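Below: the structure, in structure tokens.
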Amino acid sequence: MFSFDRRDFGSDFTFGVATAAYQIEGGQGHGRGSSIWDTFSATPGNVHNGDTGLNACNHYELWPQDLDLIRDGGFDAYRFSFAWPRLIPEGTGAVNQAGLDFYDRLIDGMLERGLKPYATLYHWDLPSTLQDRGGWMNRDIASWFADYATLVARKFGDRLQATATINEPWCVAFLSHFLGIHAPGYRDLRAAARAMHHVLFAHGTAVDALRAEGTKNLGIVLNLEKSEPASDSEADKAACNFGDALFNRWYLGGVLKGQYPDEMTEWLGPHLPTNYQDDMAVVSRPLDWLGINYYTRGLYKASSEPGRPAEMVKGPLEKTDIGWEIYPQGLTDLLVRVSNDYTKLPLYVTENGMAEVEGDNDPRRTKYYEDHLKAVLAAKAQGADVRGYFAWSLLDNYEWAEGYNKRFGLVHVDYQTQKRTPKASFRAFQGLLHNSR
Ligand code: FCB
């Protein structure tokens with residue numbers, strides 16, 4: 001049980017759960033095209049245990065019971081993502097009617113249950129044919145993405161409560177093109193520099209496209225970490241500043257101020273697209289809200305390796321089952337920082353949650369949510385305009401490079417039988433939210 005009351009968050013505060021298409025849908029076939037996660041996960045060595053999203057949670061067929069769970073939990077909203085290759089199998093051109101029908105059913109299913117649809121256009125499942133053409137390294141992705149946004153706006157826009165363009169652009173760009181951990185698995189500075197700019201440029205063109213079609217309430221979802229130096233030494237503080245620029249300020253500065261941090265443009269230098277400065281007005285199109293995904297802090301020390309500006313270190317705090325430090329204070333600090341230094345837009349915590357070992361009894365997770373929801377209250381008390389909170393995730397699901405091995409769900413999934421079993425943490429939310437809908 002949580003120790004606070006729903007009313008402490010204010011009467012218009014939205015509570016929801018979040019998922020992403022590739023992590024839960026399965027339902028491949030039905031006209032859906034290949035995505036970079038299908039090919040990346042089929043490549044030996046990329047994903048724990050060789051797991052793929054082929055079946056995942058079979059949300060494609062089981063969505064009615066999943067929406068029932070969200071309603072029964074007392075949540076107000078469901079944050080989900082559209083799979084681009086399900087709607088436009090080749091990324092551009094012909095549309096897949098079965099895909100349109102699926103999202104029609106899903107969105108209508110939410111509305112019938114009184115759940116507000118919070119949509120994300122891109123949560124990492126790029127159509128493979130677009131990767132063949134360079135994917136996020138190719139500037140043309142801005143127009144491919146805008147055309148896809150137009151389709152979503154025309155078919156679904158009037159039924160969506162809110163729409164985000166991109167989920168976690170740092171992951172799309174840097175984790176996937178420099179660190180090589182996510183699809184398409186590049187390890188190349190130039191590839192990363194291009195993706196870092198194009199992902200935000202495409203975000204801006206999609207905002208224009210959505211707005212031109214009359215879709216309301218547009219935002220983007222950034223993953224942010226509280227950056228801290230591993231020690232008080234000047235060298236570690238400088239490393240922390242670099243890490244903060246790379247992880248947080250590139251995206252906050254680009255989207256909200258139309259400006260990238262100097263230390264980044266210097267570092268990336270000639271690898272950035274020529275005349276990227278001319279795109280900054282599009283990158284920073286006005287938004288209606290900002291989503292923040294928060295899991296942990298980033299701890300930095302100076303690197304002894306030549307050419308490496310900073311190194312991340314494992315900190316001493318208690319860790320989740322995926323090895324991330326548990327640090328609720330970081331969420332308060334980030335929300336207050338964004339509100340003081342970047343924007344007065346309504347803020348939403350669009351993801352927060354923890355991986356825990358398998359089981360239905362998850363007291364550590366309940367405590368994690370308790371402490372992070374308190375962190376949200378603390379940020380609100382310090383003036384941050386936080387309007388909602390989405391738990392990651394409704395279900396145990398396909399955790400990208402970690403496969404099915406890491407479980408983030410409020411609801412346990414048995415992948416053999418697809419049976420869903422609510423965990424104690426789900427019941428804690430139910431206790432908080434019951435009678436409120
Ligand atoms: C975030 C992703 C989400 C999930 C959580 C654990 O970075 O947006 O899909 O994998 O981490």
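The values are calculated or read from the model by the stated rules, or taken from the named source; none is laboratory data. These numbers were taken from a predicted model, which means no experiment stands behind them. Methodologically, a virtual Cβ is constructed for each residue, glycine included, from the backbone with ideal geometry; neighbour enumeration extends over all protein chains shown. Surface accessibility is based on the protein's heavy atoms, side chains included, excluding ligands, DNA and RNA. Shrake-Rupley method; radii C 1.70, N 1.55, O 1.52, S 1.80 Å.
Among the residues of the stretch 95-120, which ones are of a type in the set (A, V, I, L, M) and in contact with a His (Cβ under 9 Å, 6 or more places away or on another chain)?
Restricting attention to the stretch 95-120, the residues satisfying the condition of being of a type in the set (A, V, I, L, M) are 95, 98, 100, 106-107, 110-111, 115, 119.
Residues satisfying the conditions are ALA98, LEU106.
Here's the yes/no breakdown for (1) without any contact (Cβ under 8 Å) to a residue 60 or more places away in the chain; (2) within 23 Å of ALA146 (Cα to Cα); (3) more than 14 Å from the ligand (Cβ to nearest atom):
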site	(1), (2), (3)
GLY16	no, no, yes
GLY27	no, no, yes
ASN55	no, no, yes
TRP63	yes, no, yes
GLY73	no, no, yes
ARG79	no, yes, no
TRP84	no, yes, yes
GLU90	yes, yes, yes
VAL95	yes, yes, yes
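Taking (1) assigned to a helix (DSSP H, G or I); (2) under 20 Å from LEU87 (Cβ atoms) in turn, ALA183 satisfies each apart from (1). Quick one: in the stretch 287-298, which of the residues that are in contact with a helix residue (DSSP H, G or I) (Cβ under 8 Å, 6 or more places away or on another chain) and not charged (D, E, K, R) is surrounded by the most Cβ atoms within 10 Å (Cβ to Cβ)? The selected residue is TYR294.
Would you mind stating whether ARG32 is assigned to a loop (DSSP other than H, G, I, E, B), open to solvent by less than 50 Å² (accessible area, probe 1.4 Å), over 17 Å from LEU395 (Cα atoms) and more than 16 Å from the ligand (Cβ to nearest atom)? Don't jump to the end; show me each part of the working.
Numbers: assigned to a loop (DSSP other than H, G, I, E, B): yes; open to solvent by less than 50 Å² (accessible area, probe 1.4 Å): yes; over 17 Å from LEU395 (Cα atoms): yes; more than 16 Å from the ligand (Cβ to nearest atom): yes.
Taking the combined requirement at face value, the residue satisfies it.
Pairs are defined by a Cβ separation below 7 Å, a sequence spacing of at least 6 or placement on different chains, a first member in the stretch 245-257 that is open to solvent by 10 Å² or more (accessible area, probe 1.4 Å), and a second member that is among the acidic types (Asp, Glu); the pairs so defined are PHE247/GLU225.
Might you let me know whether the stretch 149-169 holds any residue that is in contact with a helix residue (DSSP H, G or I) (Cβ under 8 Å, 6 or more places away or on another chain), among the acidic types (Asp, Glu) and without any contact (Cβ under 8 Å) to a residue 60 or more places away in the chain? No; the residues of the stretch 149-169 include none that is in contact with a helix residue (DSSP H, G or I) (Cβ under 8 Å, 6 or more places away or on another chain), among the acidic types (Asp, Glu) and without any contact (Cβ under 8 Å) to a residue 60 or more places away in the chain. Annotation: of all residues in the stretch 203-232 being away from the ligand (no atom under 16 Å from the Cβ) and of a type in the set (S, T, N, Q), the one that is surrounded by the most Cβ atoms within 10 Å (Cβ to Cβ) is SER227. Those helices (runs of 4 or more DSSP H) of the stretch 57-171 in which 2 or more residues are surrounded by fewer than 24 Cβ atoms within 10 Å (Cβ to Cβ) occupy 59-72, 97-112, 128-132, 141-156.
Among the residues of the stretch 110-120, are any under 20 Å from HIS182 (Cβ atoms) and within 15 Å of the ligand (Cβ to nearest atom)? The answer is yes, given that some residue of the stretch 110-120 is under 20 Å from HIS182 (Cβ atoms) and within 15 Å of the ligand (Cβ to nearest atom). Beta carbons closer than 8 Å, at least 6 apart along the sequence or on distinct chains, pair a first residue in the stretch 288-299 that is more than 14 Å from ASP333 (Cβ to Cβ) with a second that is of a type in the set (S, T, N, Q) and away from the ligand (no atom under 15 Å from the Cβ) for ASP288/ASN217; TRP289/ASN217; LEU290/THR343.
Kindly provide the set of residues from the stretch 233-244 that are open to solvent by 40 Å² or more (accessible area, probe 1.4 Å) and either touching an Asp or Glu at 6+ places or on another chain (Cβ under 8 Å) or in a loop (DSSP other than H, G, I, E, B) (or both), ordered by number.
If we filter the stretch 233-244 for residues that are open to solvent by 40 Å² or more (accessible area, probe 1.4 Å), which is where we start, we get 233-235, 237-238, 241.
SER233, ASN241 - these are the residues of the stretch 233-244 that are open to solvent by 40 Å² or more (accessible area, probe 1.4 Å) and either touching an Asp or Glu at 6+ places or on another chain (Cβ under 8 Å) or in a loop (DSSP other than H, G, I, E, B) (or both).
Could you list, in sequence order, all residues of the stretch 285-306 that are under 18 Å from THR215 (Cα atoms), of a type outside the set (Asp, Glu) and more than 16 Å from the ligand (Cβ to nearest atom)? If the condition is that a residue be under 18 Å from THR215 (Cα atoms), of a type outside the set (Asp, Glu) and more than 16 Å from the ligand (Cβ to nearest atom), then ARG285, PRO286, LEU287, TRP289 are the ones that fit.
Would you check which residues across the stretch 172-202 are surrounded by 19 or more Cβ atoms within 10 Å (Cβ to Cβ) and of a type in the set (D, E, K, R) and list them? Within the stretch 172-202, ARG194 is the sole residue that qualifies. Restricted to strands (runs of 3 or more DSSP E) entirely inside the stretch 329-437, those with at least 2 residues that are open to solvent by less than 20 Å² (accessible area, probe 1.4 Å), within 16 Å of the ligand (Cβ to nearest atom) and touching a residue at least 40 places away in the same chain (Cβ under 8 Å) are 347-351, 386-392, 411-414. The set of residues in the stretch 35-56 being of a type in the set (Gly, Ala, Ser) and either at negative phi or open to solvent by less than 30 Å² (accessible area, probe 1.4 Å) (or both) consists of SER35, SER41, ALA42, GLY53, ALA56.
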